[in-house]
Amino acid sequence: MAKVLDSFLQDNLEDLKTRGLYNEIDPLESPNGPTIKIGGKELINLSSNNYLGLATDDRLKKAAIDAVNTYGVGAGAVRTINGTMKLHLELEETIASFKKTEAAIAYQSGFNCNMAAISAVMNKNDAILSDELNHASIIDGCRLSKAKIIRVKHSDMDDLRAKAKEATESGLYNKVMVITDGVFSMDGDVAKLPEIVEIAEEFDLITYVDDAHGSGVLGKGAGTVKHFGLQDKVDFQIGTLSKAIGVIGGYVAGKKQLIDWLKVSSRPFLFSTALTPADVAAAKRAIEILAESTELHDKLWESGNYLKKGLSELGFDIGESETPITPVIIGDEVKTQAFSKRLNEEGVYAKSIVFPTVPKGTGRVRNMPTAAHTEEMLDKAIAIYEKVGKEMGII
Ligand SMILES: *Cc1c(COP(=O)(O)O)cnc(C)c1O
């Protein structure tokens with residue numbers, strides 16, 4: 001190894017470890033269901049993004065197996081060479097129909113989708129108004145575009161309006177875009193889309209909503225944009241096929257002309273191999289299930305409300321979440337990590353989230369209840385929270 005690399009790695013790993021920020025990854029010995037097995041021990045899982053339990057659904061497994069039998073395991077090429085199978089187009093039609101947009105384009109992941117879509121439209125002569133709590137993939141997608149990034153205070157509509165006015169009136173930029181998460185995953189709060197759309201209309205901003213945590217959860221499953229009835233007002237609706245949908249992949253839903261442009265210009269579409277047949281078939285089946293019935297969506301909200309009620313009645317601070325995401329705010333970083341560790345020892349898998357992912361002094365354990373959790377599992381989790389909370393003087 002080069003000496004410079006060796007000392008770089010040594011110094012930086014050491015630094016993370018001394019600051020308590022070095023993350024040890026726990027390998028699962030089971031599917032990622034409502035309970036999981038780690039180190040031979042069964043735990044109630046409150047950490048996955050598998051909101052609807054679809055990652056282990058038999059209907060999706062069957063669709064994936066059938067697709068492997070028919071099409072094999074790999075797509076074999078990028079979409080524009082000969083990696084586009086009929087299945088890919090069917091998935092995109094299914095997404096567009098569920099989202100009530102003219103068209104959709106699928107990518108290999110939600111992260112990839114943000115790398116692809118932003119820079120296909122924005123360049124160094126443009127500006128992007130980006131909420132300060134936007135996801136890392138949005139931040140990287142913005143950087144890749146070379147547009148001027150203007151940070152907007154979290155969900156602060158006065159700040160957005162002032163910065164939109166300044167950017168559009170400055171004459172410095174050809175185009176200005178506003179980008180926001182639909183649902184912010186650390187607190188579970190929902191973007192103020194009606195106000196954002198109003199400001200966008202006033203200043204002719206391009207609108208871009210990344211609904212990774214809203215799809216399958218809000219708008220009867222169709223997402224945050226549908227929840228507010230704004231399908232015709234948002235230019236880019238981004239989603240992932242890897243959270244509520246339970247598989248892997250990302251997509252943009254929008255006007256046909258936009259999707260046509262992304263298909264000829266977005267680099268991860270042009271230069272990275274297409275999603276596998278199994279992924280595509282399983283994701284398509286998941287969206288069909290959501291379109292047929294709100295059963296899983298309703299069950300998710302029941303689980304979320306049940307957990308929130310139980311934890312707040314015990315006296316925990318569960319923040320202001322508007323979705324099933326349930327943070328338990330502890331505050332101090334070291335105490336938050338110790339709390340999560342004790343929960344784990346008692347049988348609940350819920351990860352601590354601390355600075356710099358969230359502001360200093362707002363360390364929290366984040367809980368993601370799902371449609372697959374039974375009341376019995378949630379009761380057990382709440383009882384463990386009570387035990388550890390009292391033991392550590394938090395409640
Ligand atoms: C998780 C997430 C992504 C990344 O999606 P993947 O499909 O996991 O790559 C993108 N944007 C937001 C807002 C997310 O929460």
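Hey, any hits in segment 200-216 for a residue that's within 16 Å of the ligand (Cβ to nearest atom), assigned to a helix (DSSP H, G or I) and more than 14 Å from the chain's Cα centre (by Cα)? There is no residue in segment 200-216 that is within 16 Å of the ligand (Cβ to nearest atom), assigned to a helix (DSSP H, G or I) and more than 14 Å from the chain's Cα centre (by Cα). The residue pairs whose first member lies in segment 248-267 and is more than 19 Å from G83 (Cα to Cα), whose second member is within 14 Å of the ligand (Cβ to nearest atom), and whose beta carbons are closer than 6 Å, counting only pairs six or more residues apart or on different chains, are A253/I95; A253/Q237; G254/F236.
Among the residues of segment 330-364, none is identified as among the hydroxyl-bearing types (S, T, Y) and free of Cβ contacts under 8 Å to residues at least 12 places away in the same chain. Number of residues in segment 227-242 that are surrounded by fewer than 22 Cβ atoms within 10 Å (Cβ to Cβ) and touching a Phe, Trp or Tyr at 6+ places or on another chain (Cβ under 9 Å) equals 1.
Checked against the criterion of being more than 15 Å from the ligand (Cβ to nearest atom) and touching a Gly at 6+ places or on another chain (Cβ under 8 Å), the candidates K226, K192 yield just one match: K226. Can I65 be described as in contact (Cβ under 8 Å) with a residue 60 or more places away in the chain and assigned by the TED database to the domain that holds G304? It is false that I65 is in contact (Cβ under 8 Å) with a residue 60 or more places away in the chain and assigned by the TED database to the domain that holds G304.
Being out of contact with any helix residue (DSSP H, G or I) (no Cβ under 6 Å at 6 or more places or on another chain), within 16 Å of the ligand (Cβ to nearest atom), part of a loop (DSSP other than H, G, I, E, B) and over 24 Å from K299 (Cα atoms) is a condition met by at least one residue of segment 255-272.
Just so you know, in segment 303-322 the residues that are part of a loop (DSSP other than H, G, I, E, B) and among the acidic types (D, E) include one that is surrounded by the most Cβ atoms within 10 Å (Cβ to Cβ), and it is D317. Checking the stated criteria, K255 turns out not to satisfy the condition of being modelled with pLDDT of 95 or more, within 18 Å of the chain's Cα centre (by Cα) and over 24 Å from D158 (Cβ atoms). If you go through segment 217-228 and pick out every residue that is under 14 Å from the mean Cα position of the chain (by Cα) and under 21 Å from L129 (Cα atoms), you end up with 1.
Could you tell me whether any residue of segment 323-346 is surrounded by 22 or more Cβ atoms within 10 Å (Cβ to Cβ), in a loop (DSSP other than H, G, I, E, B) and in contact with a strand residue (DSSP E or B) (Cβ under 8 Å, 6 or more places away or on another chain)? Checked against the condition, which is being surrounded by 22 or more Cβ atoms within 10 Å (Cβ to Cβ), in a loop (DSSP other than H, G, I, E, B) and in contact with a strand residue (DSSP E or B) (Cβ under 8 Å, 6 or more places away or on another chain), segment 323-346 yields at least one hit.
Only a single criterion out of (1) within 16 Å of the ligand (Cβ to nearest atom); (2) touching a strand residue (DSSP E or B) at 6+ places or on another chain (Cβ under 8 Å); (3) closer than 22 Å to G319 by Cβ is not satisfied by L241, namely (3). When S130, S155 are screened for being within 18 Å of the chain's Cα centre (by Cα), surrounded by 21 or more Cβ atoms within 10 Å (Cβ to Cβ) and polar (S, T, N, Q), only S130 passes. Filtering segment 166-180 to residues that are over 20 Å from E132 (Cβ atoms) and either of a type in the set (A, V, I, L, M, F, W, C) or not assigned by the TED database to the domain that holds A127 (or both) leaves only L172.
Taking the residues in segment 75-124 that are closer than 22 Å to A64 by Cβ, among the polar types (S, T, N, Q) and touching a strand residue (DSSP E or B) at 6+ places or on another chain (Cβ under 7 Å) as candidates, determine which candidate is nearest to the ligand (Cβ to nearest atom). Among those that are closer than 22 Å to A64 by Cβ, among the polar types (S, T, N, Q) and touching a strand residue (DSSP E or B) at 6+ places or on another chain (Cβ under 7 Å), it is S109.
Restricting to segment 129-155, name every residue that is within 30 Å of L91 (Cα to Cα), more than 11 Å from the ligand (Cβ to nearest atom) and either in contact with an Asp or Glu (Cβ under 9 Å, 6 or more places away or on another chain) or not basic (K, R) (or both).
The first filter runs over segment 129-155 and keeps only residues within 30 Å of L91 (Cα to Cα), leaving 130, 134-145.
Checking which are more than 11 Å from the ligand (Cβ to nearest atom) leaves us with 130, 142-145.
Hits for segment 129-155 are S130, C142, L144, S145.
Checked against the criteria, K61 counts as more than 16 Å from the ligand (Cβ to nearest atom) and in a helix (DSSP H, G or I).
The values are calculated or read from the model by the stated rules, or taken from the named source; none is laboratory data. Predicted model, so just to flag it, every value in this text is computed and none were measured. Here the Cβ is made from the backbone with ideal geometry for all residues, glycine too, and neighbour counts use every protein chain on show.
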